[in-house]
Amino acid sequence: MTDKQLYEKLKYSSKNAYEEMSSEEYKIMLDLAEDYKKFLDAGKTERECVAIAEKMAIEQGFERLENKEKLKPGDKVYSINRDKNIILAVIGEEAPENGFNIVGAHIDSPRLDLKQNPLYESNEMALFKTHYYGGIKKYQWTAIPLALHGVVYTRNNEKVEVCIGEKDSDPVFCVTDLLPHLAKDQMAKKLSDGIEGEALNILIGGIGVKSEDVQEKVKFKILSILNTMYGIKEEDFFSAELEAVPAFKARNVGLDESFVGAYGQDDRVCAYTSLKSIFDIDKPKKTAVCLLVDKEEIGSTGNTGMLSRYFEMILTELTCKITGEYNVLKINKAVSNSACLSSDVGAAVDPNYENVYEKNNSAYAGHGMILMKYTGSRGKSGASDASAEFVHEMISIFDNNNVVWQAGELGKVDQGGGGTIAMYIGNLNMNVIDCGVPVLSMHSPFEITAKSDIYMAYKSYVAFYNDR
Ligand code: MN
Ligand code: MN
């Protein structure tokens, strides 16, 4: 063996996932990406994602967990929490005390939420006040077409589902931005201060009602339109949940169509691949669980976020319905012996901003699924640092199944950082590691992922469900 050959054998380098794929796999990858784009277009809010996940689950023969008294190996069940959070399970051959195999993603994404009293008129235009949700760069949300999605409850207890701006014939909405000709002061500001939170107001109308009696003629017109379309009054906004999201559809990016560009890929790329992988599982050894949560982008808080006890309650219900008894020791063992892939996205090295990444420990688009031993900021603050034993176990499973994976931190030390649901899953006393898809332009209205990485994430979740 030459020195060069020996060196190649000893050293580590991540692999290009496309180069490792057979032509059959390449075809599966392309089909998966097409199906994924449809999923993205149909699910732009957490509620819509839960609705699609439920529809897909029913097609795959899943039944509602609350309708089942007992569970046996091969049973497929799901449970929905407040329309924003869903858990699916395929019951395994082994006893629950051996632990479950869990893949968990989040289905909320950064966006502009309407305030509770949003509608106002200014300069004979009607606008909606917004309060942004999650970590956004505000300037990215001006001067792009927006769609409105959400629910409104009327005083007659009617639920109105709103979705305007997605069909080609629909109008869209927009946050206007200052013309460069008059932006001398704005352009001198720091990027973070260039657009203020209170300036993220959405233009929704400009034709007034012809009336002598009413001053706010445009607002009056918009209220009349809303009342005709949905039967709602201004006070109904107080209880409403309306989200403004980018109105464009998921697209292929690049002449070679190697990437998917779309809104909300953090973390619906992992939600989609997690769902697809559990649908591939029939009678696993350990019970397979797919968890889709809300509120990750604002700290996993609230009753539909990862900090809610809902997840523990469902693991308890599954254990009791499989074992046929309520036994706290068995429940505790089931939880402690479980393992979870926190399926969330990571940062891909951006050729335009290479200097914020440390090249030996960053992920590259096209180099497969990212395994992130820890996340967090500064001195790993807020990280769930997976143990050597668990990382080793997962890597063995991925390698045995020819998953192309890479290790990746979010960026250089002290450059910033971030967290996922992993730390809250770790709090339950189970093994957990972040494992997902590298993304370019994360949290922007148009995020980019490589098709090969989407496929490898899916393949890694299937391998985990089957082999652990
Ligand atoms: Mn995420
Ligand atoms: Mn995020």
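Read the figures in this text as sums done on the coordinates, not as results from a lab. Predicted model, so just to flag it, every value in this text is computed and none were measured. Reconstructed Cβ throughout: ideal geometry from the backbone, glycine too, with neighbour counts over all protein chains shown.
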### Query
Given a Förster radius of 51 Å and the C-beta distance between V151 and N361 as r, what FRET efficiency does 1/(1 + (r/R0)^6) yield to the nearest 0.05?
0.75
### Query
Ranked highest first by the average count of other Cβ atoms within 10 Å around their residues, in what order do 311-323, 68-80 fall?
311-323, 68-80
### Summary
Least to most buried among L127, L292, L146, L178, by other C-beta atoms within 10 Å and fewest first, runs L178, L127, L146, L292
### Label point at N429 placed 7 Å out along Cα→Cβ; residues across the range 76-101 whose backbone nitrogen lies under 20 Å
95-101
### Task
Using 0.36 nm per residue of separation minus the Cα-Cα distance, give me the extension gain between D41 and E20 in nm, one decimal.
4.6 nm
### Task
Please work out the C-alpha center-to-center distance from the range 83-160 to the range 414-452 and express it in whole Å.
18 Å
### Message
How would E297, E393 line up from fewest to most surrounding beta-carbon atoms within 10 angstrom?
### Response
E393, E297
### Task
Output the peptides 138-145, 229-236 sorted from most to least packed, where packing is the average of other Cβ atoms within 10 Å over each peptide's residues.
138-145, 229-236
### Estimated inter-spin distance, Y120 and I225, nm [label 7 Å along Cα→Cβ]
2.0 nm
### Message
If neighbour count is taken as other Cβ atoms inside 10 Å, put M21, M306 in order from fewest to most.
### Response
M21, M306
### Task
Would you be so kind as to identify which of G376, V162, G194 lies farthest towards the positive end of the dipole of the chain, taking Lys and Arg as +1 and Asp and Glu as -1 on Cβ and the Cα centre as origin?
G376
#### Entry: Highest-first arrangement of 266-275, 237-246, 367-376, where packing means the average Cβ count within 10 Å
266-275, 367-376, 237-246
### Task
Just subtract the alpha-carbon distance of V214 and L255 from 0.36 nm times their residue separation and send over the number in nm, one decimal.
9.3 nm
### Query
Any idea what the relative contact order of the range 197-315 is, in percent, if you count C-alpha pairs under 8 Å spaced at least 6 apart?
9 percent
## Note on the structure
For the range 111-246, Rg(Cα) over 2.2 N^0.38 Å is 1.11
### Task
Would you kindly state how much longer the chain becomes between I207 and I58 on full extension, computed as 0.36 nm times their sequence separation minus their alpha carbon distance, in nm to one decimal?
49.1 nm
### Message
With the crude spin-label approximation of a point 7 Å out along Cα→Cβ, what separation in nm comes out for T176 versus S239?
### Response
3.5 nm
### Query
Along the charge dipole of the chain, Cβ charges K/R +1 and D/E -1, which of A244, L88, G208 sits furthest on the positive end?
L88
### Task
Obtain the nm distance between the two label points defined at N327 and K184 by a simple spin-label model: each point lies 7 Å from its Cα along the Cα-to-C-beta direction.
7.9 nm
### Task
Kindly write out, for the range 150-161 in residue order, the coupling ³J(HN,Hα) from the Karplus curve 6.51 cos²θ - 1.76 cosθ + 1.60 (θ = phi - 60°), rounded to whole Hz, with x marking Gly and Pro.
x, 10, 10, 10, 7, 5, 8, 6, 8, 8, 10, 9
### Message
Charges at C-beta only: +1 for Lys and Arg, -1 for Asp and Glu. How large is the resulting dipole of the chain about its Cα centre, in Debye rounded to 20?
### Response
380 debye
#### Entry: Global geometry of the chain, whether rounded, prolate or oblate, following the gyration tensor of its Cα atoms and the 1.5 cut on a/c
oblate
